[in-house]
1. How high is the relative contact order of the chain? Use alpha-carbon pairs under 8 Å, at least six apart in sequence, and give a whole percent.
2. How many Å² of accessible area per residue for the chain, probe 1.4 Å?
3. Anyone know which of 45, 17, 32 comes out most mobile in the 10 Å Cα GNM of the chain?
4. Among 69, 31, 79, which one moves the most in a GNM of the chain with springs linking Cα atoms closer than 10 Å?
5. Checking the a/c ratio against 1.5 first, then a/b against b/c, what shape does the Cα gyration tensor give for segment 61-121?
6. How large is the helix-only mean residue ellipticity at 222 nm for the chain, computed as the sum of -39500 (n - 2.57) over DSSP H runs with n ≥ 4, divided by its residue count, in deg cm²/dmol to the nearest 500?
7. Name the residue, out of 34, 73, 46, whose mean-square fluctuation peaks in a Gaussian network model built on the chain with Cα pairs under 10 Å.
8. For a test of the definition: using alpha carbon positions, the gyration tensor, and the 1.5 limit on a/c, classify segment 17-75 as rounded, prolate or oblate.
Amino acid sequence: MRLPAAGSREALWLVGAVIVFGILGIVIGLNAPVQIPPGYSRYTAVMILAALDSVLGAVKAWLNGNFENKVFVSGLLVNSLAAGALTYLGDKLGVELYFAAIVAFGVRIFDNLAVIRRHLL
């Protein structure tokens with residue numbers, strides 16, 4: 001599938017659809033009757049951050065004109081698995097290693113948001 005060029009009318013609709021469906025997903029997720037066990041909450045948190053980092057990185061790459069599906073999917077999977085593995089290793093060692101993933105993904109998320117903001121303004 002070929003994505004529309006950045007700055008085009010189709011690109012604006014695509015970004016708008018991503019925002020609308022993202023907000024809709026958050027609202028549905030917050031109102032769903034799903035309970036995550038406390039033991040898995042750290043794993044869930046770092047994997048959500050990894051996914052958010054990958055999605056924002058994909059938007060940034062698309063705006064820069066160098067988006068590739070394989071890079072996005074592999075980054076999403078590898079980042080999520082690495083964050084989960086780091087959290088698991090920290091649990092086994094009795095050390096809060098998941099903080100490293102939170103800081104790394106947090107920095108990348110804010111960096112990606114800054115680049116996206118600059119492109120859209």
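The values are calculated or read from the model by the stated rules, or taken from the named source; none is laboratory data. From a predicted model like this one, the values you see are computed outputs, not experimental measurements. Protein only, heavy atoms only, side chains kept; ligands, DNA and RNA dropped before computing areas. Shrake-Rupley method; radii C 1.70, N 1.55, O 1.52, S 1.80 Å.
1. 28 percent
2. In whole numbers, the chain has 71 Å² accessible per residue.
3. Looking only at 45, 17, 32, the biggest GNM fluctuation is shown by 32.
4. Of the options given, 31 has the highest mean-square fluctuation.
5. Oblate shape, in that a/c is at least 1.5 and b/c is the bigger or equal ratio.
6. So the helix-based figure for the chain works out to -27500 deg cm²/dmol.
7. Maximum among the listed residues: 34.
8. Because a/c hits 1.5 or more and a/b fails to exceed b/c, segment 17-75 counts as oblate.
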